[in-house]
Amino acid sequence: MVDIRNDFLGIKSPNPFWLASAPPTDRIVNVTRAFKAGWGGVVWKTLGEDPPIVNVNGPRYGAIHGADRRLIGFNNIELISDRTLQENLREIKQVKRDWPDRAVVVSLMVPCEEASWKAVLPLVEETGADGIELNFGCPHGMSERGMGSAVGQVPEYVEMVARWCKQNTRMPVIVKLTPNITDVRFAARAAKRGGADAVSLINTVNSIMGVDLDAMAPSPHTDGKGTHGGYCGPAVKPIALHMVADIARDPETAGLPISAIGGITTWKDAAEFMALGAGNVQVCTAAMTYGFKIVEEMKAGLAHWMESKGYERLEDFIGKAVPNVTDWQFLNLNYVAKARIDQDLCIKCGRCHIVCEDTSHQAITATKNGERWFEVQDDECVGCNLCVSVCPVENCITMEQLTEGVDPRTGRPIDPTYANWTTHPNNPMSKAAE
Ligand SMILES: Cc1cc2nc3c(=O)[nH]c(=O)nc-3n(C[C@H](O)[C@H](O)[C@H](O)COP(=O)(O)O)c2cc1C
Ligand code: SF4
Ligand code: SF4
């Protein structure tokens, strides 16, 4: 029997799917709907000091769609909660009372002064909330006021504010990191030094979605002017996966609990983040695109997959892929693979041929006996995977490892031993040359 209950920093929830701090967690009516639909927890929309901020009354969201109109990337210029602190705190207390088995974490963003943090923490504590998340990630609007990513981009500030919070509350402290930084490990290390119990990532990526060429302004725009906003949704998942993995395998932060965020739309996305070390996941864009009921598929899909793999609890696979994330220099240079085309699946569109011909290694035929025929020439194929990436038919082209004989491209025998760049004779720094 599979058990998907989650324990993150001692915060218990019936499943690892939390809604990220954003419009879906903005007020009691949304959160109640979310819990009814089955979400395990929420991070409440970021609270700030009174008087509340004001949002624009023009468009605050933009989107990039695939050819089938499926939403791939999403962008917003929304700020933190535009309701008073008291209104939010009252609702948080009510929600926690109504849903004691769900996780309710409160996201906070106040000025970078100890007095401001000291003032807000007891108010949150009084609601019975399970923890706080420090929003050091918002890249627009608040950062210009010295908050959000303006804090998250300076490791010393991250450490300082995390420490203030740890000193002034008994609630678990999660530091939410910004991806708008050269190396996320510095901010994660700083959070840990400051005593944070966990990090969550990613917040949104700074972006301009497009340019309206009639208005000659960024799109979307308000009264003819546009501004940069935060990018999220499926398009940012690879960025988030990399950053989560970086923190999970950094010797200084390994073991620091991670709540993963970024483009999670299906159970599989969640499982991938958890395999890379995340203790649970948070979702925003997918809920804003498809509604709260997507959590049903997430829960059922995750449980079904775990069962098929023999994992009984989340802990059985959390972090399991981390040891297999490595640096390029440690990849096996003796590994040889060639593309294989399944002729029964091939629809003879020719895309693999043209990309290999124009931009790779001229390794795929176009004709045989005057007919369209696409076949890989092993003596040219370098195994780059480009044809697999562009073929419109799933699993029509696959990569096959050569385990014996000679690589017809190089004429060299297949070597079953492992050898990487650190010992390669072409490497001027090669250890073998010592
Ligand atoms: C409209 C919108 C508003 C958001 N507001 C907040 C916020 O108030 N506080 C915060 O920490 N993150 C905020 N975020 C960021 C999300 O919590 C999340 O980190 C990001 O969207 C990436 O997750 P996703 O790809 O699932 O959307 C917001 C995102 C969106 C789309
Ligand atoms: S793997 Fe690369 S080199 Fe080989 S056939 Fe495909 S595109 Fe060409
Ligand atoms: S891209 Fe795929 S379907 Fe098209 S010709 Fe190549 S193998 Fe066949």
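The values are calculated or read from the model by the stated rules, or taken from the named source; none is laboratory data. Computed from a predicted model, the values in this text were never measured in an experiment. Using ideal geometry, Cβ is built from the backbone for each residue, glycine included, and neighbour counts are taken over all protein chains shown.
For the stretch 172-181, the condition holds for at least one residue, the condition being that it is more than 21 Å from the chain's Cα centre (by Cα) and within 20 Å of Val106 (Cα to Cα). Evaluated against (1) among the aliphatic types (A, V, I, L, M); (2) in contact with a helix residue (DSSP H, G or I) (Cβ under 8 Å, 6 or more places away or on another chain); (3) under 16 Å from Pro179 (Cα atoms), Leu256 falls short on exactly one condition, (3).
Which one of these is assigned to a loop (DSSP other than H, G, I, E, B) and either touching a strand residue (DSSP E or B) at 6+ places or on another chain (Cβ under 6 Å) or within 20 Å of Ala339 (Cβ to Cβ) (or both): Pro392, Pro416? Just one listed residue meets the conditions, Pro392.
Yes/no per residue for (1) touching a Phe, Trp or Tyr at 6+ places or on another chain (Cβ under 8 Å); (2) within 16 Å of ligand 1 (Cβ to nearest atom); (3) among the hydroxyl-bearing types (Ser, Thr, Tyr); (4) in contact (Cβ under 8 Å) with a residue 24 or more places away in the chain:
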{"residue": "Lys348", "(1), (2), (3), (4)": "yes, no, no, yes"}
{"residue": "Ile354", "(1), (2), (3), (4)": "no, no, no, no"}
{"residue": "Asn395", "(1), (2), (3), (4)": "no, no, no, yes"}
{"residue": "Met399", "(1), (2), (3), (4)": "no, no, no, yes"}
{"residue": "Ile414", "(1), (2), (3), (4)": "no, no, no, yes"}
{"residue": "Asn420", "(1), (2), (3), (4)": "yes, no, no, yes"}
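Tallying residues that are over 30 Å from Ile347 (Cβ atoms) and buried (at least 16 other Cβ atoms within 10 Å of the Cβ) within the stretch 376-420 yields 1. Under the condition of being exposed (fewer than 15 other Cβ atoms within 10 Å of the Cβ) and either touching a strand residue (DSSP E or B) at 6+ places or on another chain (Cβ under 8 Å) or assigned to a loop (DSSP other than H, G, I, E, B) (or both), the residues counted in the stretch 306-319 number 3.
Considering only residues in the stretch 12-54 that are at pLDDT below 95 and hydrophobic (A, V, I, L, M, F, W, C), the one that is farthest from ligand 1 (Cβ to nearest atom) turns out to be Val54.
Inspection of the stretch 182-191 identifies at least one residue that is within 16 Å of Met109 (Cα to Cα), modelled with pLDDT of 95 or more, assigned by TED's automatic domain parsing to the domain that holds Ala20 and buried (at least 23 other Cβ atoms within 10 Å of the Cβ). For the stretch 17-44, the set of residues classified as among the basic types (Lys, Arg) and either touching a strand residue (DSSP E or B) at 6+ places or on another chain (Cβ under 7 Å) or assigned to a helix (DSSP H, G or I) (or both) consists of Arg33, Lys36, listed by residue number. Residue-level analysis places Leu9 outside the set of residues that are out of contact with any Leu (no Cβ under 7 Å at 6 or more places or on another chain), among the hydrophobic types (A, V, I, L, M, F, W, C) and within 15 Å of Ile264 (Cβ to Cβ).
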